[in-house]
Amino acid sequence: MVKARTSKPGREPSAPASALNPTGGAGGGNTDGTSARQPTGFLGQVLDSENLNRAWRRVKANGGAPGIDGVRIEDFPGWMREHWPAIQEVLVMGTYHPSPVRRVEIPKPTGGTRPLGIPTVIDRVIQQAILQVLGPMWDPEFSESSFGFRPRRNAHGAVKQVHGFIREGYRWAVDIDLSKFFDTVGHRKLMGLLARKLSGESLLGLISRYLRAGVEIDGVIEPTTEGVPQGGPLSPLLANIMLDELDKELERRGHRFARYADDFVVLVKSPKAAERVMQATTRMLERRLKLRINQEKSQVRPVREVEFLGFAFRSGKIRITEQALRTFKQRLKRLSGRHWFVSMEERLAKLRLFVRGWMNYYGLSQVYSDWPGLDTWLRRRLRMCYWVMWKRPRTRIRNLLDLQVPIRHAVGIGRSSLGPWKCARLLGFAMSKNWLESQGLVCLADEWWSCASLR
C-alpha cells in the first residue's frame, strides 16, 4: 500500500514506501521497471502517457503550493522520473492510496475564511488526468443552465442568463444557500451517481480513495467521511455531477434558473410561485441529495435584492454589489497606502495588475457611475504617496518646479504644514490625470470602457 508521510524540515520529501525500490525486491515489480499488468478501461485512458503529459502541463501552469510531502512544482519532474514506475504499478493493481490533503484557510471577500485542500503534486496530476477522461463523458449531458467549471462557460454567462430572465418579467427569486456544500457531499450518493457510467471500473475505486484520503489540519491527519475537498482538479466535476440531479429536476418542472457550482438562483413571476418552488427545491436537496440548507440565508426575494456571483440586478441593469465595491476600495487603499514603502514603479505596476484582473471580471457591470468618483479618490491617494516619498521641503519644492509649478506656489505648498492628504488635494494641477497616467496609473473609467465586449 502507498501511504504518504510528511517530510521533516531539512530532509528530502519522503517517497511512498513501494517507490523506494521501483525495480524489484521488497517493492515488487519487474526487473525492467515496468508493471506486470497493463491498465485497461477508463484507467488505461487516464494513465495514457499523452493524457498524463497534458495533465502535468495544466498542473504546472496552475502552479500552487506543495502538499504534505513537500514536493514543489519545480522539483516534481525529477521526483516523477524516480518514483513513477512504482506508483503506476500500484495504480494498476488498485492499491494506490492518495496522500491526505493539506488544509489551509483562505479569506472570503465577504469576511471570514473558507477551507482549501492542497493535494500533493502527484495527486493533482492524477486527478487532472482523471478529469480529462471523465469531463468529456459527463459534460455534454449537463444542463444548459449550469455554468461552473465547464468548457466555454463561465460566471458571466450565469449572470447574463439571470439578467435575461429578469428582463422577460421573472421578478421573484428563490435564493437557496447550500451550507458548506463541498464539505458535506455524501460519498455514498456521489459514488452511486458515478457508478452509473463507471460500474465495474477500477477507476471508480480510485476516485473513492481520493474522497476518503483524509486531511491534515495543524499537523494532524483527520479522516474524511463526507465532502469533496476544494482545491483538487477533480472536485469541480464531482460537484457538477452531484448537482446535475437538481438541474434536471428544475428543468423538468420548467423553471428558469442559473447555477455556478453550488451558487444558484431560480426565477419565477410571483411570490406564491416562489414559495412553492422554495419548498419543493428544499425537499429535493435535503431528501434526495442529502445536502444541508442554510435556512437563515435562503429566502424568497424580489430580484432587486438578489446578489449572485458578486453582481446585483437593479433598475434593469447588472451592477456590482456594494460589498464587492467595498472590498475593491479596501484593496486599492492598501496598494496606495503612504506607509507601504516601495518604489512608485512597483506600486503602480501592482495597481495595474490588480485593477485589470478585477475589471476582467467586474467589468461586466453596466453602470458607469461607480468609476469617476473612485478615479478621483485614487489619483489623490497617489499624489499623497508622491508627497510622502519626497519627504523634505527642499525636495518637494524642487520636484514641483520640475512639474512646471510657478515658484511662488511651489514654495508655498512645499513648506506647508498641512498633512499629506490635504496637501494632495492642492497638487491636482501639478500632477494631473494625464501626468499620473503617463507614470503608469490606470484609469478605472477607461478600463471599464475597454471591457465593453464583456457586456
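At a glance:
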read-out: Count - residues of region 289-335 that are of a type in the set (Asp, Glu) and touching a helix residue (DSSP H, G or I) at 6+ places or on another chain (Cβ under 9 Å); value: 1
read-out: For THR95: the one exception among (1) crowded, with 19+ Cβ neighbours inside 10 Å; (2) among the polar types (S, T, N, Q); (3) not in a helix (DSSP H, G or I); value: (1)
read-out: Exclusive hit being open to solvent by 20 Å² or more (accessible area, probe 1.4 Å) and touching a residue at least 60 places away in the same chain (Cβ under 8 Å), set GLN45, GLN38, GLN128; value: GLN45
read-out: Filtered residue count, region 359-369, keeping only those that are in contact with a helix residue (DSSP H, G or I) (Cβ under 7 Å, 6 or more places away or on another chain) and crowded, with 18+ Cβ neighbours inside 10 Å; value: 4
read-out: Region 338-361, residues that are touching a residue at least 40 places away in the same chain (Cβ under 8 Å) and either under 22 Å from ALA155 (Cα atoms) or small (Gly, Ala, Ser) (or both); value: ALA349, VAL355, ARG356, MET359, ASN360, TYR361
read-out: Pairs, first under 16 Å from MET359 (Cβ atoms) and without any contact (Cβ under 8 Å) to a residue 12 or more places away in the chain in region 434-449, second assigned to a loop (DSSP other than H, G, I, E, B) and among the hydrophobic types (A, V, I, L, M, F, W, C), C-beta under 9 Å, six or more apart; value: GLU437/CYS443
read-out: Residues (touching a residue at least 24 places away in the same chain (Cβ under 8 Å) and either out of contact with any Asp or Glu (no Cβ under 8 Å at 6 or more places or on another chain) or under 19 Å from SER235 (Cβ atoms) (or both)) located in region 144-153; value: SER146, PHE147, GLY148, PHE149, ARG150
read-out: In region 48-71, the residues that are open to solvent by 50 Å² or more (accessible area, probe 1.4 Å) and either modelled with pLDDT under 95 or farther than 10 Å from VAL121 by Cα (or both); value: ASP48, SER49, GLU50, ASN53, ARG54, ARG57, ARG58, ALA61, ASN62, GLY64
read-out: Any pair with Cβ under 7 angstrom, 6 or more apart, that starts in region 245-259 at a residue that is touching a residue at least 60 places away in the same chain (Cβ under 8 Å) and ends at one that is open to solvent by less than 30 Å² (accessible area, probe 1.4 Å) and acidic (Asp, Glu); value: ARG259/ASP247
read-out: Every residue from region 193-226 that is farther than 26 Å from TRP56 by Cβ and either hydroxyl-bearing (Ser, Thr, Tyr) or in contact with a strand residue (DSSP E or B) (Cβ under 9 Å, 6 or more places away or on another chain) (or both); value: SER199, ILE217, ASP218, ILE221, GLU222, PRO223, THR225
read-out: Residue in region 284-298 that is over 30 Å from LEU190 (Cβ atoms) and over 27 Å from the mean Cα position of the chain (by Cα) present; value: no
read-out: Condition check for ARG425: under 22 Å from LEU441 (Cα atoms), surrounded by 14 or more Cβ atoms within 10 Å (Cβ to Cβ) and in contact (Cβ under 8 Å) with a residue 12 or more places away in the chain; value: no
read-out: Members of region 248-269 that are over 17 Å from ARG304 (Cα atoms), buried (at least 22 other Cβ atoms within 10 Å of the Cβ) and out of contact with any Phe, Trp or Tyr (no Cβ under 6 Å at 6 or more places or on another chain); value: ARG259
read-out: Meets criteria (at pLDDT below 95 and either closer than 23 Å to SER49 by Cα or of a type in the set (Lys, Arg) (or both)) for ARG102; value: yes
read-out: Any hit, region 255-264, residues being at pLDDT below 95 and hydroxyl-bearing (Ser, Thr, Tyr); value: no
read-out: 2 or more residues within 21 Å of ASP262 (Cβ to Cβ): qualifying strands (runs of 3 or more DSSP E) within region 169-239; value: 172-176
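The values are calculated or read from the model by the stated rules, or taken from the named source; none is laboratory data. Only a predicted model underlies this, so the values are computations on that prediction, with no experimental measurement involved. Using ideal geometry, Cβ is built from the backbone for each residue, glycine included, and neighbour counts are taken over all protein chains shown. Heads up: the accessible areas ignore ligands, DNA and RNA and are worked out on the full protein's heavy atoms, side chains in. Shrake-Rupley method; radii C 1.70, N 1.55, O 1.52, S 1.80 Å.
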